[in-house]
Amino acid sequence: MAATITLSDHRRLVGARRLATHLAEVLRADFVLRLWNDETVPLGPQASGDLAVAIRSPVAITQLLRRPRLATVIELLAAGDLAIEGGTLLDLAARRGAASRGLARRLDKWLVARTLLPFLFAPSRGGSKVSHAYDGRQEAGAISQRDDKALVQFHYDLSNAFYALFLDSQMVYSCGYFPTPDTSLDDAQATKLDRICRKLRLRPGDRFLDIGCGWGGLLIHAARNYGVQGHGVTLSQAQFDYANAKVAELGLSERIKIEMRDYRAIEAPEGYDKVAQVGMFEHVGLDNHDRHFAHVHKLLRPRGLYMHHAITRWATPDLAKFRKPTRYQKVISRFIFPGGELDYVGLTATNLERHGFEVHDVEGMREHYQLTLERWLDRLYENREVAAAEVGKTRMRLWMLYFAMFARAFERGTIGIFQTLASKRNVGASGLDLARIR
C-alpha cells in the first residue's frame, strides 16, 4: 500500500525542486540532485546522471537549517540521510563547476527563504544518530589523565583487514613519496621508506628506534636493506599482533623487537644511534611537546639522528589563537582521530633547538600527502562493500569523508607535512655528508 502524501510533504517536495532548479542556473555543475522520492534534478545544463547528491529524507534539510554547521553535514552523510552516489566527495568537488565560487551571493535570497521555510518548522526525528564518536577525554595536558592507549586504539584497532583494503602491500599508514603523479601507491611508500633510511644514514648494526611503528613497515625495510637492530613500540594491539607476526614470518626476530609499550617508558642508557617518529607526533598533544622532545633527546647518543615526520597547520598571525580548533578539527577529533593536535613547522624547529637538537634539513611534502590520500580514498571506495561488512556502513562513510577532506586540505595548502632531520647537538662537526638526500 502506497504511503499517504500529505499537503506539507507535497509543498516540501515542490520547494526542493524549485530551489534545485534555481541552484542549477547559478551553479552549472556536472552532477544531479536526487530527491527523496527518487526524482532527479540536473544541477547544470550539461549535468550527467552518473554522479548525484542524494537527499534521502526531507528531515536532512530540516536538520541542516536548525544546525547549519559542518558537523551536521558529516553526521547526515555518515548516517546515509545525505549521500554521494556514483563517486566520492573529491569527484563532487572536481565537477562542482567554476561558477561555485561566490555561489551564496548570486542566489535569490527571497526564493531561498520562501522555499526553506516549510522545512525549518517541519517535525524532526531528533537528529541523525552517529554512534561512532569517541566519548572519552581528549585533553592533551598531563593533568587531564587522558588515556593515550584508548585514543590510539580508537583509531588503529578497527581491523587490520579494514586497513588492508586501502593501504599498500607493506601496510604503511603515512605519507608516501611520489617521484611522479603516476607513481603507484606501493612504489611511493617503498620510496618513502628508503628515503627515511637514507636521510638517517642507517648503517649495519645501528640501534634504531621507531616510535609509533605501526604495522612494522619501516623497521622491516631498515633491517632487510640496511642491517639495523630495530626496536619499535606501539599502543595498538592490532598493529602489535600484525607486526610481530610479519617479523617472525620474514625471519627477522633476531634483528627486530616490537613492543606494546608507551615510548615515554623506554629507557636506553647506552643510547640509540637513530630514532624515527613517522606520523605519530600528531597524537602527542601540544601541552606534551616539551616532554616529547626532551625524552627523544635522552634516548639518543651524542650526534644521534632523529627523523621527525608530522602533519602541521599554518601558523596564525596571532600565535595566541593558534590552539583554537577549526571546525574540521572538531569533526575529525570526534569521529576519527581523538586527542590529535597539529604543530606548525616553526614551532617544531624551535622546540628541537630548545631541547638540544641541531636542525639539518626540513622537507615539505604537502602534495605527496594529497596524492597518498587520493589513492587511499580510491581504494576504499572500490572496496566499500567489503569495508562496510568489516566496520559498518557508518564508519566506512566517515573514513571516506576523512580522506576526502584531508586530501582537499593538502591540495589547498591549509595543512602541510614536513620531514625534519635533526641530531642530538654536540660541539664540533655534525658528521653528516655535505650532499643531502633529494
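The values are calculated or read from the model by the stated rules, or taken from the named source; none is laboratory data. All figures in this text were calculated on a predicted structure; none of them were measured in a lab. All Cβ positions, even for glycine, are placed from backbone atoms using ideal geometry, and neighbour counts span all protein chains on display.
Which residue is modelled with the lowest pLDDT, if the candidates are limited to segment 64-88 and must be of a type in the set (Gly, Ala, Ser) and assigned to a loop (DSSP other than H, G, I, E, B)? Full working, then the answer.
Here is the first cut: in segment 64-88, the ones of a type in the set (Gly, Ala, Ser) are 71, 78-80, 83, 86-87.
When the remaining residues are screened for being assigned to a loop (DSSP other than H, G, I, E, B), the result is 80, 86-87.
On the way: 80: 91, 86: 95, 87: 95.
Filtering segment 64-88 for residues that are of a type in the set (Gly, Ala, Ser) and assigned to a loop (DSSP other than H, G, I, E, B), the one modelled with the lowest pLDDT comes out as 80.
Checking the structure you have, find out if any residue of segment 293-303 is touching a residue at least 60 places away in the same chain (Cβ under 8 Å), surrounded by fewer than 18 Cβ atoms within 10 Å (Cβ to Cβ), assigned to a helix (DSSP H, G or I) and hydrophobic (A, V, I, L, M, F, W, C).
Yes, segment 293-303 contains a residue that is touching a residue at least 60 places away in the same chain (Cβ under 8 Å), surrounded by fewer than 18 Cβ atoms within 10 Å (Cβ to Cβ), assigned to a helix (DSSP H, G or I) and hydrophobic (A, V, I, L, M, F, W, C).
Looking at this structure, is residue 362 under 30 Å from residue 306 (Cβ atoms) and free of Cβ contacts under 8 Å to residues at least 24 places away in the same chain? Explain how you work it out, then say what you get.
Numbers: under 30 Å from residue 306 (Cβ atoms): yes; free of Cβ contacts under 8 Å to residues at least 24 places away in the same chain: no.
Spelling it out, it is not the case that residue 362 is under 30 Å from residue 306 (Cβ atoms) and free of Cβ contacts under 8 Å to residues at least 24 places away in the same chain.
Which residue out of 47, 78, 93, 60 is buried (at least 18 other Cβ atoms within 10 Å of the Cβ) and under 21 Å from residue 380 (Cβ atoms)? Lay out the reasoning, then the answer.
On the way: 47 fails: under 21 Å from residue 380 (Cβ atoms); 93 fails: buried (at least 18 other Cβ atoms within 10 Å of the Cβ); 60 fails: under 21 Å from residue 380 (Cβ atoms).
Only one candidate qualifies: 78.
So if I check each of 379, 366, which one is modelled with pLDDT of 95 or more, crowded, with 17+ Cβ neighbours inside 10 Å, touching a strand residue (DSSP E or B) at 6+ places or on another chain (Cβ under 6 Å) and not hydroxyl-bearing (Ser, Thr, Tyr)? Before you say what the answer is, go through the steps one by one.
Working: 379 fails: touching a strand residue (DSSP E or B) at 6+ places or on another chain (Cβ under 6 Å).
When all the criteria are applied, what remains is 366.
Could you list, in sequence order, all residues of segment 89-115 that are outside any helix (DSSP H, G or I) and within 21 Å of residue 327 (Cα to Cα)? Show your work before the answer.
As a first pass, look at segment 89-115 and keep what is outside any helix (DSSP H, G or I): 95-97, 101-102, 107-108.
The answer is 101, 102.
Residue by residue, here is whether (1) over 29 Å from residue 341 (Cβ atoms); (2) not in a helix (DSSP H, G or I) holds:
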residue	(1), (2)
375	no, no
387	no, no
394	no, no
401	no, no
405	no, no
419	no, yes
423	no, yes
432	yes, yes
436	yes, yes
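Within segment 213-240, how many residues turn out to be more than 23 Å from the chain's Cα centre (by Cα) and either surrounded by 22 or more Cβ atoms within 10 Å (Cβ to Cβ) or not in a loop (DSSP other than H, G, I, E, B) (or both)?
Step one: of segment 213-240, the residues more than 23 Å from the chain's Cα centre (by Cα) are 220-231.
Then keep just the ones that are either surrounded by 22 or more Cβ atoms within 10 Å (Cβ to Cβ) or not in a loop (DSSP other than H, G, I, E, B) (or both); that gives 220-226, 228-231.
Adding up the residues that qualify gives 11.
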